[in-house]
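Step one of this worksheet: look at the structure below.
The values are calculated or read from the model by the stated rules, or taken from the named source; none is laboratory data. Keep in mind it's a predicted model, so treat the numbers as computed, not measured. Quick reminder, even Gly has a Cβ in these numbers, built from the backbone with ideal geometry, and neighbours come from all protein chains shown.
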Amino acid sequence: MLRSLPASTSLRSLLHILEPLGRGVYDFVYLPRCTRQRHRIVELAFLNFVDPVAARAAAQILFRYAHSEPSWGRTRISQARLQGLPNNLAYYCLRFGPDAPLDGPDAPVVFSSGARVPLQLAVQRLVTEEALRTAQQLLDTEGQRGREEGPSAGMDVRRARDERHGAPVMPPGPSPKSSMPLPGFRRTMPSITSEMFFVEHLGMEDTDHLLRLVREHERRHGLVIFML
C-alpha cells in the first residue's frame with residue numbers, strides 16, 4: 001500500500017517504476033481517483049503481489065525511488081491488512097456494490113502472468129464466499145472504528161486514521177459507467193447484509209426516520225449500502 005503519493009501519479013508511471021521486477025510479479029493495482037479533479041488520484045495506491053518474495057523486492061525498489069525522487073518525499077510504503085487477489089477484489093465489490101466501475105481509470109487493474117485480465121472476469125472467477133467474508137470483516141472493523149470516533153471526525157480524518165493502521169480503505173468513487181452483472185456476487189450478498197429497506201418518495205419530514213434506519217443498519221451490519 002502506498003500513501004501520500006504525488007497526485008499526478010498514473011498507472012503507467014507506477015508500473016514503470018516496477019519494471020525491473022518484470023510484469024508477472026503483481027496481479028492487482030488500484031489508484032483511486034479524485035471525484036472533483038478527474039486527472040488526479042487521491043494519493044493512494046493498492047498493489048497486490050503474487051508472493052512475499054515479489055512483495056519484498058517491490059518494496060525495496062519503491063523505497064529507493066521514494067528516497068531519490070523529490071516528488072515522492074512524503075510517500076509512505078506499508079503492508080496492507082488485506083492480502084491476496086481474491087480478498088482485494090471482494091473488498092472492492094463490497095465497498096462499491098454491484099454497480100462498481102468495471103473499466104476505465106476508476107476501476108482496479110488485474111493481471112495474470114503479466115497480461116491484463118478483464119475485471120469482470122476476474123471477479124466472477126476469483127471472488128469466493130470466503131473472500132467476501134474476509135473483506136466484510138475488515139469493513140466491519142472500519143465501521144466500528146468510525147462509530148467509536150463519531151461522525152464529527154470527517155472523511156479525511158477517517159481516511160488518515162485507517163492509513164496509519166495500514167487498512168486498504170478505498171474512497172468513494174464517481175458514478176460508474178457500467179454495471180456489474182455478477183450472479184455469484186449478488187447471490188452471496190444476502191448472507192452478509194440480510195436486511196433491506198425500500199424507501200420511495202422521500203420527503204423532508206422523513207429525513208429523521210431514514211437516518212434512524214441508517215444508523216441501526218450500520219450498527220447491526222457494519223455498513224450501509226444504498227442502491228438508487
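Within the stretch 48-67, identify whether any single residue is surrounded by 21 or more Cβ atoms within 10 Å (Cβ to Cβ) and within 14 Å of the chain's Cα centre (by Cα), and answer yes or no.
Yes, the stretch 48-67 contains a residue that is surrounded by 21 or more Cβ atoms within 10 Å (Cβ to Cβ) and within 14 Å of the chain's Cα centre (by Cα).
Residue-wise test of (1) at negative phi; (2) in contact with a Lys or Arg (Cβ under 9 Å, 6 or more places away or on another chain); (3) not hydroxyl-bearing (Ser, Thr, Tyr).
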position	(1), (2), (3)
30	yes, no, no
46	yes, no, yes
53	yes, no, yes
63	yes, no, yes
81	yes, no, yes
99	yes, no, yes
110	yes, yes, yes
115	yes, yes, yes
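Within the stretch 86-100, can one find any residue that is over 19 Å from residue 131 (Cβ atoms) and assigned by TED's automatic domain parsing to the domain that holds residue 139?
Yes, some residue in the stretch 86-100 is over 19 Å from residue 131 (Cβ atoms) and assigned by TED's automatic domain parsing to the domain that holds residue 139.
Going by the structure shown, is residue 44 farther than 18 Å from residue 102 by Cα, aliphatic (A, V, I, L, M), surrounded by 13 or more Cβ atoms within 10 Å (Cβ to Cβ) and modelled with pLDDT under 90?
yes
Sort out for me the helices (runs of 4 or more DSSP H) sitting completely within the stretch 1-107 that have 2 or more residues that are farther than 17 Å from residue 122 by Cα. Lay out the reasoning, then the answer.
Numbers: elements: 11-17, 52-68, 85-96.
Qualifying helices (runs of 4 or more DSSP H): 11-17, 52-68.
Does the stretch 98-111 hold any residues that are of a type in the set (Gly, Ala, Ser) and exposed (fewer than 15 other Cβ atoms within 10 Å of the Cβ), and which are they?
Selection gives 104 alone.
Does the stretch 138-151 contain at least one residue that is part of a strand (DSSP E or B), farther than 24 Å from residue 8 by Cα and modelled with pLDDT of 65 or more?
Checked against the condition, which is being part of a strand (DSSP E or B), farther than 24 Å from residue 8 by Cα and modelled with pLDDT of 65 or more, the stretch 138-151 yields no hits at all.
Taking into account only those residues within the stretch 1-19 that are of a type outside the set (Ser, Thr, Tyr) and in contact (Cβ under 8 Å) with a residue 40 or more places away in the chain, which is farthest from residue 113 (Cα to Cα)?
Checked the stretch 1-19; the qualifying residue farthest from residue 113 (Cα to Cα) is 6.
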